[in-house]
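Participant: Have a look at the structure that comes next, please.
The values are calculated or read from the model by the stated rules, or taken from the named source; none is laboratory data. This structure is a prediction, so every number in the text was calculated from the model and none was measured. No Cβ is skipped: glycine too gets one built from the backbone with ideal geometry, and neighbour counts run over all protein chains shown.
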Amino acid sequence: MTPQTFASLIGEIRAKRPLIHHITNSVTINDCANVTLSIGAAPVMAEAPEEVEEMVSGADALVLNLGTLSRNQVNSMLRAGRTANSCGIPVILDPVGAGATRMRTESARLLIKRVRISVLKGNAGEIGALANAGGRVRGVDSRGLDGDPLDIGKEFARESGLTVVISGAKDIVTDGIRAAIVENGHAMMGKLSGTGCMAASLVAAFAAVCSDHVTSSTAALAAFGIAGERAAQKTSGPYSFRTALMDEVAGLLPEDVIRQARVRSV
Amino acid sequence: MTPQTFASLIGEIRAKRPLIHHITNSVTINDCANVTLSIGAAPVMAEAPEEVEEMVSGADALVLNLGTLSRNQVNSMLRAGRTANSCGIPVILDPVGAGATRMRTESARLLIKRVRISVLKGNAGEIGALANAGGRVRGVDSRGLDGDPLDIGKEFARESGLTVVISGAKDIVTDGIRAAIVENGHAMMGKLSGTGCMAASLVAAFAAVCSDHVTSSTAALAAFGIAGERAAQKTSGPYSFRTALMDEVAGLLPEDVIRQARVRSV
Amino acid sequence: MTPQTFASLIGEIRAKRPLIHHITNSVTINDCANVTLSIGAAPVMAEAPEEVEEMVSGADALVLNLGTLSRNQVNSMLRAGRTANSCGIPVILDPVGAGATRMRTESARLLIKRVRISVLKGNAGEIGALANAGGRVRGVDSRGLDGDPLDIGKEFARESGLTVVISGAKDIVTDGIRAAIVENGHAMMGKLSGTGCMAASLVAAFAAVCSDHVTSSTAALAAFGIAGERAAQKTSGPYSFRTALMDEVAGLLPEDVIRQARVRSV
């Protein structure tokens, strides 16, 4: 799990152009499509129950994002998730707002129970709510959890058998045994809607080309964080930052990733 | 109701970070989330009937926007609106396209009848249609109304007991007794989708920190208009304007608002 | 069908401001609204079955886009399409992802059967799938078709009685008898989500002011391609390109179109 590996995964994404099927929220769906294209993968968004199984059968990874969930959408997620499992492609779950309403918490739990999730990516409050670790969520913002995020993430990953990503100023990636901290990123990313969702799309794109999901998720977060740092140097407001962020994701060079990655195993 | 007051309300939003629950259209939902973040508040979008009551219970204001309404969405708006009323938080209604189709006009009327709306914000045609004042609307564009907008707004506000905002080259804010004209803004704002919806999000953010909704709405429109004027000085096309507009909302300084506000009581 | 004609159509759009009713996907709906405004037309998005007939009755063109279709949405498209036919306004169909799932292919066929479509605009794979010409589609990307696109497009247009646009590095426009190739455009347009959808919105805006849909579609694609070329000269990443693209559409001058159009009849 070295910066060289991260850089080579970007090369693989650009060479293979994996298809990333999203069932996601209506707020940031366009951001997710564009960040997927920017890293070099191909996005497709489809959620009609009549077509999700067929669409996911041709995909290389599946993203399930609860940002503006509905009963019908969660049913499509279950259907798509089970098909993804039978096809052997990775499933990334972003439990947006878990902890804020029962529907969000329960839908996330249902998906974790019925679908073999590869990577669960949330903020500390969301992961804490799902791990019964006192996660506090207001709207879609984390208000913290009771205890050390690394310990909680590790334990939840171990119990549930999935890779857990806890996003924050420092991102945590763990499968319960191994753990990495990604220190790349910039505070501006928190002032813009959609950066969490975009991170999940990138986690999926990297998972599509690397079956070790601690490595692939760490690489995705380092790459996105580096793009954020580079974008922040050039801009000051949230929308000029957004423009620069997407341009930087598209323009990431292997040598930037190798030089700028700030990742440590813990 | 002075520019000093407007500036101090921005400070309060940034200090308190009120949560603004939106049930809104799929066209401009991302713009609404980002403008809410830019002014310093926190957006959340949720419309499933199973969760809207719980979500709005933790919010500080509710925005209902009819831009791409459906029967189910209006039902969720009724549910969320009544909960907002019982929690005592302000409800902002943006009756997009009222007057263009019966469904939009009737849905807006139903919401006004069943929910205690704090601020009704529309263009002249939309407000005129709801006030039976001959409002003409084509798609989502105002084509004018029969009579003076200020008189019509005042009378409708008096009859219905809500604060009325009529957006346009000059915005009108009135509760039927007091009235203000906001002359800030720029023609470029009309060349971009979503500026009306973004204005409603800002009206909600200001309403969340100030219970006098003539003052809070006037402050919101002045602040947004000032950001528009500043953005227009730096750009010429609609998307570079959009980028600058959001950056300017995020960067608004109290002294800019105090110096540039063009508001008069009438 | 000369560059002078194309330029004059832009002038007509700006003078008449035709209303373009869209029933479209949730990914690029904002891009479609903004490109419609940028060329000088007025967008409206409405898909509730209770209002689509009334809304389309006041419109000047209708866009049907299958990007994130649902059963209910297709029903609204049928309803709106038949009303558009009875009002005599043009209907543009963008069969996004036809060929990738049965639901998409069958929905596109159903719309073509039940609604008199004026212009069918897709990539080579999508058109090939609908023409039974071996179109291959992965997600929403064309993977080619069996045979020459021009021949396949011409034959399908002849059989089905509609104008066919096949988008690609070189766009093809044909009604089965006449055909044109548009060589304007830039590879950056393929690195951004939504450019295909935006092209369909422009095809609709031009169709609203010109009943010869080979000419109107050719003009729309030349105009959009020219804006793309101009934007690409100024930018390097996908989002700064997006900003410049929309600004260039808004700023297109007749003399730019006359000087830069690269269109040939074949």
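Participant: Among B:ALA231, B:ALA227, B:ALA220, B:ALA207, which is the only one that is aliphatic (A, V, I, L, M), over 18 Å from the mean Cα position of the chain (by Cα) and buried (at least 22 other Cβ atoms within 10 Å of the Cβ)?
Facilitator: Exactly one residue qualifies, and that residue is B:ALA231.
Participant: With respect to A:ILE117, determine if the residue is at pLDDT 95 or above, farther than 27 Å from C:GLY196 by Cα, more than 14 Å from every other protein chain (Cβ to nearest Cβ) and part of a loop (DSSP other than H, G, I, E, B).
Facilitator: yes
Participant: Can you tell me which condition A:SER240 does not meet? The list is (1) touching a residue at least 12 places away in the same chain (Cβ under 8 Å); (2) within 14 Å of another protein chain (Cβ to nearest Cβ); (3) assigned to a helix (DSSP H, G or I), and all the others hold.
Facilitator: (1)
Participant: Okay, moving on. Would you mind finding the one in A:VAL249, A:VAL214 that is under 20 Å from the mean Cα position of the chain (by Cα), in a helix (DSSP H, G or I), closer than 13 Å to A:ASN34 by Cα and among the β-branched types (Val, Ile, Thr)?
Facilitator: After applying the criteria, what remains is A:VAL249.
Participant: To continue, here is another question. Kindly evaluate A:THR163 against the criterion of being modelled with pLDDT of 95 or more, under 13 Å from the mean Cα position of the chain (by Cα) and within 14 Å of another protein chain (Cβ to nearest Cβ).
Facilitator: No, not satisfied.
Participant: Out of curiosity, is C:ALA222 under 17 Å from C:PHE6 (Cβ atoms), touching a residue at least 40 places away in the same chain (Cβ under 8 Å), within 14 Å of chain B (Cβ to nearest Cβ) and part of a helix (DSSP H, G or I)?
Facilitator: no
Participant: Moving on. Based on what the data block shows, is C:PHE156 out of contact with any strand residue (DSSP E or B) (no Cβ under 6 Å at 6 or more places or on another chain) and among the aromatic types (Phe, Trp, Tyr)?
Facilitator: no
Participant: Taking segment C:243-257 as the region of interest, how many residues are within 7 Å of chain B (Cβ to nearest Cβ) and either touching a Ser or Thr at 6+ places or on another chain (Cβ under 6 Å) or at pLDDT below 95 (or both)?
Facilitator: The qualifying residues number 4.
Participant: Please state which of the following conditions B:THR2 fails to meet, knowing it meets all the rest: (1) farther than 20 Å from B:VAL164 by Cα; (2) surrounded by fewer than 23 Cβ atoms within 10 Å (Cβ to Cβ); (3) of a type in the set (Ser, Thr, Tyr); (4) more than 8 Å from chain A (Cβ to nearest Cβ).
Facilitator: In the conditions (1) farther than 20 Å from B:VAL164 by Cα; (2) surrounded by fewer than 23 Cβ atoms within 10 Å (Cβ to Cβ); (3) of a type in the set (Ser, Thr, Tyr); (4) more than 8 Å from chain A (Cβ to nearest Cβ), B:THR2 misses (1) alone.
Participant: Regarding B:SER216, is this residue hydroxyl-bearing (Ser, Thr, Tyr), under 18 Å from B:ALA199 (Cβ atoms) and either in contact (Cβ under 8 Å) with a residue 40 or more places away in the chain or away from chain C (no Cβ under 14 Å) (or both)?
Facilitator: Criteria met by B:SER216.
Participant: Which residue out of B:GLY190, B:GLY144 is within 14 Å of chain C (Cβ to nearest Cβ) and under 21 Å from C:GLY40 (Cα atoms)?
Facilitator: Just one listed residue meets the conditions, B:GLY190.
Participant: Then there's this: Filter segment A:131-155 down to the residues that are crowded, with 20+ Cβ neighbours inside 10 Å, under 16 Å from A:THR174 (Cα atoms) and aliphatic (A, V, I, L, M) and list them by number.
Facilitator: Answer for segment A:131-155, where residues must be crowded, with 20+ Cβ neighbours inside 10 Å, under 16 Å from A:THR174 (Cα atoms) and aliphatic (A, V, I, L, M): A:ALA131, A:ILE152.
Participant: Still on this structure: Among the residues of segment B:120-147 satisfying the criterion of being part of a loop (DSSP other than H, G, I, E, B) and of a type in the set (A, V, I, L, M), which is modelled with the lowest pLDDT?
Facilitator: Only one residue tops the list, namely B:LEU145.
Participant: Exactly one condition in (1) among the aliphatic types (A, V, I, L, M); (2) under 16 Å from the mean Cα position of the chain (by Cα); (3) surrounded by 20 or more Cβ atoms within 10 Å (Cβ to Cβ); (4) farther than 21 Å from B:ILE10 by Cβ is not met by B:ILE112; state its number.
Facilitator: Going through the list (1) among the aliphatic types (A, V, I, L, M); (2) under 16 Å from the mean Cα position of the chain (by Cα); (3) surrounded by 20 or more Cβ atoms within 10 Å (Cβ to Cβ); (4) farther than 21 Å from B:ILE10 by Cβ, B:ILE112 breaks only (3).
Participant: Strands (runs of 3 or more DSSP E) wholly in segment C:15-89 with at least 3 residues that are at the interface with chain B (Cβ under 8 Å from one of its Cβ atoms), within 26 Å of B:ARG143 (Cα to Cα) and touching a Gly at 6+ places or on another chain (Cβ under 8 Å) - which ones?
Facilitator: Fully inside segment C:15-89 and qualifying: C:42-45.
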